[in-house]
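Enquirer: If you scroll down you'll find the structure; I have some questions about it.
The values are calculated or read from the model by the stated rules, or taken from the named source; none is laboratory data. Predicted model only: the values in this text are computed from it and were never measured. For neighbour counting, all protein chains shown are included, and Cβ atoms are generated from backbone atoms with ideal geometry for every residue, glycine included.
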Amino acid sequence: RTNNLKMEGSSNLRLENCRAKGGSPGFKVAILGAAGGIGQPLAMLMKMNPLVSVLHLYDVVNTPGVTADISHMDTGAVVRGFLGQQQLEDALTGMDLVIIPAGVPRKPGMTRDDLFNINAGIVRTLCEGISKCCPKAIVNLISNPVNSTVPIAAEVFKKAGTYDPRRLLGVTMLDVVRANTFVAEVLGLDPRDIDVPVVGGHAGVTILPLLSQVKPPCSFTQQETEYLTSRIQNGGTEVVEAKAGAGSATLSMAYAAVKFADACLRALRGDAGVIECAFVSSQVTELPFFASRVRLGRNGVEEIYPLGPLNEYESWLGKGKERVGWKH
Ligand code: NAD
Ligand code: LMR
């Protein structure tokens, strides 16, 4: 068995070297929480991404099985598994992009804030590892409450002296994915042709879909606007309730995470005009972190766009935190 493992290890390295010589653009990506509900489909989809040359799967449970399974896919990325905190540093060393879906999900009746105590500690430990082993990596943070875990990650990086606000991105892509889907349903169009900017945060009233800025330009009745806004803001709760105690969105989240990670990798490669919404350190409003449309580049966030003209309803929505409190 030891010999087998050695052979697997060396052929893995030969494979990696051989692909590197082939000159294909390849990035090293780690998924932390890779054995979870999001982590597993995310790992599968990242294994299918031609921009990924090395995929590290880290979790505190079950990574040997997930890694063995995914490594049999006949796609380019070399997959390695890492189990438990003693292997965290190996999992992170040399990574270009780190995606973090580690942490507990909601059950019906809970807010994302209820996850804070457990997930803040998990995110802190993982970010300490990133500071030490791959301080220049782009970090895509999925663990909830995103409105709080991103500021916590920033503090960890500041303490370690590695903080670069351009490289820390809270993933709000699922809000955009949902908004595109629901708007397309109302308009009777293909969701792939719709682009809805969603700004603010990633919880309830902090999620602000800018329906006046949908591309292609379109208009909605007040009833449609209120229906869409409420459905987008409560999309997470809709899934939590439908899953009835078995967790929150995993498959649509893995899809959204891969869409976002792919944008980050294309930007790292040097592609121009890569623009997505993300929850980042910001001066767009008085809040220190805010989701906006951002232009991604080789260093992460290269430019944060202003909100653009808001209509009366969106301005009123934007005062949500004063109306009902800034909930996570
Ligand atoms: P899950 O419980 O199915 O999986 C979480 C995984 O994290 C598990 O495999 C667990 O072992 C692992 N984990 C726990 N502690 C860890 C640690 N210290 N280091 C590494 N891994 C650790 O949960 P899930 O459904 O995959 O959701 C994960 C998180 O993502 C939750 O906090 C959830 O609220 C959040 N989420 C965010 C969004 C978003 O839009 N940003 C969407 C959906 C879910
Ligand atoms: C979502 O929006 O689906 C996630 O934030 C998970 C949740 O708890 O709603």
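Enquirer: Report, ordered by the first and then the second residue, all pairs with beta carbons closer than 8 Å, sequence separation of six or more or different chains, a first member in the range 104-117 that is farther than 18 Å from GLY36 by Cβ, and a second member that is modelled with pLDDT of 95 or more and surrounded by fewer than 17 Cβ atoms within 10 Å (Cβ to Cβ).
Expert: If the second residue must be modelled with pLDDT of 95 or more and surrounded by fewer than 17 Cβ atoms within 10 Å (Cβ to Cβ), the pairs left are PRO108/GLU241; PRO108/ALA244; PRO108/GLY245.
Enquirer: In the range 25-71, what count of residues is obtained for those that are in a helix (DSSP H, G or I) and away from ligand 1 (no atom under 12 Å from the Cβ)? Give the steps one after another, and end with the answer.
Expert: Looking only at the range 25-71, we keep the residues that are in a helix (DSSP H, G or I), and these are 39-47, 63-71.
Narrowing further to those that are away from ligand 1 (no atom under 12 Å from the Cβ): 44-47, 64, 67-71.
Qualifying residue count for the region: 10.
Enquirer: Among the residues of the range 139-173, count how many are more than 16 Å from ligand 1 (Cβ to nearest atom) and either touching a Lys or Arg at 6+ places or on another chain (Cβ under 9 Å) or in a strand (DSSP E or B) (or both).
Expert: The qualifying residues number 6.
Enquirer: Given the conditions (1) touching a residue at least 40 places away in the same chain (Cβ under 8 Å); (2) within 14 Å of ligand 2 (Cβ to nearest atom); (3) more than 22 Å from LEU208 (Cα to Cα); (4) not aromatic (Phe, Trp, Tyr), which single one is not true for ALA246?
Expert: (1) is the only condition that ALA246 fails.
Enquirer: Looking at THR225, THR229, which one is within 16 Å of ligand 2 (Cβ to nearest atom), of a type in the set (Ser, Thr, Tyr), part of a helix (DSSP H, G or I) and at pLDDT 95 or above? Steps first, please.
Expert: Working: THR225 fails: within 16 Å of ligand 2 (Cβ to nearest atom).
Just a single option satisfies the conditions, and that option is THR229.
Enquirer: Of all residues in the range 174-196, which are in contact (Cβ under 8 Å) with a residue 40 or more places away in the chain and within 16 Å of ligand 1 (Cβ to nearest atom)? First the steps, then the outcome.
Expert: Step one: of the range 174-196, the residues in contact (Cβ under 8 Å) with a residue 40 or more places away in the chain are 174-179, 182-183, 186.
Within the range 174-196, LEU174, ASP175, VAL176, VAL177, ARG178, ALA179, PHE182 meet the criteria.
Enquirer: Have a look at GLY129, GLY121 and point out the one that is modelled with pLDDT of 95 or more and either farther than 25 Å from PHE27 by Cβ or of a type in the set (S, T, N, Q) (or both).
Expert: Working: GLY129 fails: either farther than 25 Å from PHE27 by Cβ or of a type in the set (S, T, N, Q) (or both).
GLY121 is the lone residue from the list that is modelled with pLDDT of 95 or more and either farther than 25 Å from PHE27 by Cβ or of a type in the set (S, T, N, Q) (or both).
Enquirer: Let me ask something else about it. Looking at the range 192-237 only, could you name the residues that are buried (at least 19 other Cβ atoms within 10 Å of the Cβ) and within 12 Å of ARG178 (Cα to Cα)?
Expert: Those that are buried (at least 19 other Cβ atoms within 10 Å of the Cβ) and within 12 Å of ARG178 (Cα to Cα): ILE194, VAL196, PRO197, VAL198, ILE207, PRO209, LEU228, THR229, ILE232, GLN233, GLY235, GLY236.
Enquirer: When you go through (1) under 30 Å from VAL205 (Cβ atoms); (2) more than 16 Å from ligand 2 (Cβ to nearest atom); (3) in a helix (DSSP H, G or I) one by one for GLN86, which number turns out not to apply?
Expert: (1)
Enquirer: Go over the candidates GLN213, GLN223 one by one and state the one that is among the polar types (S, T, N, Q), more than 25 Å from SER248 (Cα to Cα) and touching a residue at least 24 places away in the same chain (Cβ under 8 Å). Please lay out each step first, then the result.
Expert: On the way: GLN223 fails: touching a residue at least 24 places away in the same chain (Cβ under 8 Å).
After ruling out the rest, the residue left standing is GLN213.
Enquirer: Now for a different question. Looking only at residues in the range 97-138 that are of a type in the set (D, E, K, R), within 11 Å of ligand 2 (Cβ to nearest atom) and assigned to a loop (DSSP other than H, G, I, E, B), which one is surrounded by the fewest Cβ atoms within 10 Å (Cβ to Cβ)? Before the answer, list the steps.
Expert: If we filter the range 97-138 for residues that are of a type in the set (D, E, K, R), which is where we start, we get 106-107, 112-114, 124, 128, 132, 136.
Next, from what is left, pick out any that are within 11 Å of ligand 2 (Cβ to nearest atom): 106-107, 112-114.
Next, from what is left, pick out any that are assigned to a loop (DSSP other than H, G, I, E, B): 106-107.
Numbers: ARG106: 23, LYS107: 16.
Per the stated criteria, the residue is LYS107.
Enquirer: Do the conditions hold for GLY200, that is, is it within 16 Å of ligand 2 (Cβ to nearest atom) and closer than 19 Å to LEU126 by Cβ?
Expert: Values: within 16 Å of ligand 2 (Cβ to nearest atom): yes; closer than 19 Å to LEU126 by Cβ: no.
The answer is no for GLY200.
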